């Protein structure tokens with residue numbers, strides 16, 4: 001994955017030791033398409049791949065969570081070159097009003113602690129800057145990697161849900177329990 005065409009980047013929201021989290025923009029369409037084209041990346045998401053780069057671009061054009069909610073899924077870019085390796089962020093769920101922590105990285109970025117690093121920054125931002133009291137995270141029961149990330153963040157298992165033929169584990173964390 002690479003920098004958006006023409007060097008255009010979304011607004012930077014957060015920085016960590018190795019990452020910049022920034023708003024995704026339509027110029028990220030090829031990278032977002034690539035991310036969701038890998039069956040292993042989508043294996044535990046319940047999502048389908050985009051049919052084309054144009055469909056990914058249309059999704060990004062319509063994506064208004066930043067404007068509507070002041071948060072969203074932010075592009076995760078590795079410093080110093082700015083390579084977009086996935087996304088991580090906070091999303092207000094329309095059905096419940098809950099704020100959900102989510103993350104998705106290309107396979108070559110797995111196992112390096114990047115998801116945990118990005119997710120911890122998102123929790124700090126959610127509880128600090130956004131003043132949230134509670135954030136939830138969901139992972140398919142079979143997704144040991146994502147469950148481990150949520151557990152490293154001190155999120156507590158609070159329940160499970162059946163959806164789309166899969167069991168989803170639901171985790172939560174409260175403002176006072178967030179990692180430093």
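Collect the residues in segment 25-44 that are exposed (fewer than 13 other Cβ atoms within 10 Å of the Cβ) and out of contact with any helix residue (DSSP H, G or I) (no Cβ under 7 Å at 6 or more places or on another chain), keeping them in residue-number order. Residues satisfying the conditions are 39, 43. Does segment 45-54 include one or more residues that are surrounded by fewer than 19 Cβ atoms within 10 Å (Cβ to Cβ) and outside any loop (DSSP other than H, G, I, E, B)? Within segment 45-54, one or more residues are surrounded by fewer than 19 Cβ atoms within 10 Å (Cβ to Cβ) and outside any loop (DSSP other than H, G, I, E, B).
Determine if segment 1-16 includes at least one residue that is without any contact (Cβ under 8 Å) to a residue 12 or more places away in the chain, more than 17 Å from the chain's Cα centre (by Cα) and either surrounded by 14 or more Cβ atoms within 10 Å (Cβ to Cβ) or within 26 Å of residue 140 (Cα to Cα) (or both). There is no residue in segment 1-16 that is without any contact (Cβ under 8 Å) to a residue 12 or more places away in the chain, more than 17 Å from the chain's Cα centre (by Cα) and either surrounded by 14 or more Cβ atoms within 10 Å (Cβ to Cβ) or within 26 Å of residue 140 (Cα to Cα) (or both). On the phi > 0 side of the Ramachandran plot and more than 15 Å from the chain's Cα centre (by Cα): does that describe residue 165? Against the criterion (on the phi > 0 side of the Ramachandran plot and more than 15 Å from the chain's Cα centre (by Cα)), residue 165 qualifies.
Residue-wise test of (1) under 16 Å from residue 156 (Cα atoms); (2) modelled with pLDDT of 95 or more; (3) touching a helix residue (DSSP H, G or I) at 6+ places or on another chain (Cβ under 8 Å).
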site	(1), (2), (3)
91	no, yes, yes
96	no, no, no
103	no, yes, yes
116	yes, yes, yes
119	yes, yes, yes
123	yes, yes, no
132	no, yes, yes
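Note on segment 55-77: residues that are buried (at least 18 other Cβ atoms within 10 Å of the Cβ) and in contact (Cβ under 8 Å) with a residue 40 or more places away in the chain total 7.
Looking only at segment 115-148, residues that are touching a residue at least 40 places away in the same chain (Cβ under 8 Å) and either more than 17 Å from residue 73 (Cα to Cα) or more than 16 Å from the chain's Cα centre (by Cα) (or both) come to 8 in all.
For segment 155-169, filtered to residues that are in contact (Cβ under 8 Å) with a residue 12 or more places away in the chain and more than 11 Å from residue 141 (Cβ to Cβ), the residue that is surrounded by the most Cβ atoms within 10 Å (Cβ to Cβ) is 155.
The values are calculated or read from the model by the stated rules, or taken from the named source; none is laboratory data. From a predicted model like this one, the values you see are computed outputs, not experimental measurements. Quick reminder, even Gly has a Cβ in these numbers, built from the backbone with ideal geometry, and neighbours come from all protein chains shown.
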